[in-house]
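Q: Questions regarding the structure given below will be posed in turn.
What follows draws every value from the coordinates through simple rules; no lab data is involved. Remember, it's a predicted structure, so these values are computed and weren't measured experimentally. Note that each Cβ is placed from the backbone with ideal geometry, even for glycine, and that neighbours are counted across all protein chains shown.
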Amino acid sequence: MPELQQLRPRHAPAVLAFELANREYFAATITDRGDDYFAHFADRHAALLAEQAAGVCAFYVLVAEDGSVLGRFNLVDLEDGTAELGYRVARHAAGRGLATATVRDLCRLAAARHGLRTLRAATSHANVASQRVLSKAGFVPIGPADLGGQPGTWYQCDLAAASAGHDRAGGRDGHEATD
């Protein structure tokens, strides 16, 4: 069963492999990272770990049993009980409920481990799968977003309300039909 792990130095090779294998897939719905990202990946990974150590951000990877990365889930700009959520899931893992289940898990971690009360996330109008993930995880649309020139929507989640809603529903079993 996949495990959500906080980003560590040892994850670098698997994260790079994940990004390279899915580059074209991600570029279909979000802005491409560019060649410079891959050329200087080690420096970028070290910078992310430094931001995490400083408490500014929290980065997570969804790791398969074989050690490969199935997805990245990030809490960025942690400040005053709020952060921005970003995530991406490998093409071969999409549509299996992993993104929804992991976003829900990260919402609980955001509150319990990081003391957050609110998460925000933006997705393009073209990224219908991400819109479904956010809605299923308790996010509601709050306004328009400009994502690198692509129109989109900002979503927000009140973590206390989302947690209460999941508790009333009897929790999550981790197995959903689709994202």
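Q: Counting only the backbone N, which residues of the stretch 1-44 are under 17 Å from the spot 7 Å out from the Cα of A64 toward its beta-carbon?
A: Within reach of a label on A64, which here means backbone N under 17 Å from a point 7 Å along Cα→Cβ, the stretch 1-44 contributes 1-5, 11-26.
Q: Also, quick follow-up: For the stretch 1-91, what class follows from the C-alpha gyration tensor (a ≥ b ≥ c being the square roots of its eigenvalues): rounded when a/c is under 1.5, otherwise prolate if a/b is larger than b/c, else oblate?
A: Since a/c stays below 1.5, the shape of the stretch 1-91 is classed as rounded.
Q: Calculate, for T82 and E24, the FRET efficiency according to 1/(1 + (r/R0)^6) with r their C-beta to C-beta distance and R0 30 Å; round to the nearest 0.05.
A: Here the calculated transfer efficiency is 0.35.
Q: Once you charge only the Cβ atoms, +1 for Lys and Arg and -1 for Asp and Glu, what is the size of the charge dipole of the stretch 1-42 about its Cα centre, to the nearest 20 debye?
A: Dipole magnitude for the stretch 1-42 comes out near 200 debye.
Q: Then there's this: Can you give the local net charge around D80? Use residues other than it whose beta-carbon is closer than 15 angstrom to its beta-carbon, Lys and Arg +1, Asp and Glu -1.
A: Spelling it out: positives minus negatives among the neighbours equals -2.
Q: Separate question: Of the candidates D66, D146, D80, which one comes out as most mobile in a Gaussian network treatment of the chain with C-alpha springs shorter than 10 Å?
A: Per the Cα network of the chain with a 10 Å cutoff, D66 tops the list.
Q: Mean residue ellipticity at 222 nm from the helices of the chain, using -39,500 (n - 2.57) per DSSP H segment of n ≥ 4 over the full residue count, to the nearest 500 deg cm²/dmol?
A: For the chain, the value works out to -11000 deg cm²/dmol.
Q: Oh, and also: Placing one identical point scatterer on every Cα of the chain and ignoring solvent, what is log10 I(q)/I(0) from the Debye formula at q = 0.12, 0.13 Å⁻¹?
A: Taking Cα atoms of the chain as identical point scatterers yields -0.54, -0.65.
Q: While we're here: Test of understanding: in a Gaussian network model of the chain with alpha carbons linked when under 10 Å, which of D43, D35, D77 would top the mean-square fluctuation ranking?
A: Comparing D43, D35, D77 in the GNM, the peak value goes to D35.
Q: Let me ask something else about it. Taking GluC sites (Glu not before Pro) as exposed when DSSP calls them loop (any state but H, G, I, E, B) and at most 16 other Cβ atoms lie within 10 Å, what is the longest stretch of the chain free of them, the sites themselves excluded?
A: 66-175
Q: Here's something else I'd like to know. Report the trypsin sites (Lys or Arg not before Pro) located in the stretch 43-127 that are in a DSSP loop and have at most 13 other Cβ atoms inside 10 Å of their Cβ, or state none.
A: The qualifying sites are R113.
Q: Also, I was wondering about something else. Counting DSSP beta bridges with both partners in the stretch 3-168, what percentage is antiparallel, nearest 5?
A: Percentage antiparallel, nearest 5: 90.
Q: Please state the charge dipole magnitude for the chain, taken about the Cα centre, from unit charges on C-beta atoms (+1 on K and R, -1 on D and E), reported in debye and rounded to the nearest 20.
A: Dipole magnitude for the chain comes out near 380 debye.
Q: If R₀ is 22 angstrom, what is the calculated FRET efficiency for the pair H114 and M1, using the beta carbon separation as r and rounding to 0.05?
A: So the FRET efficiency works out to roughly 0.40.
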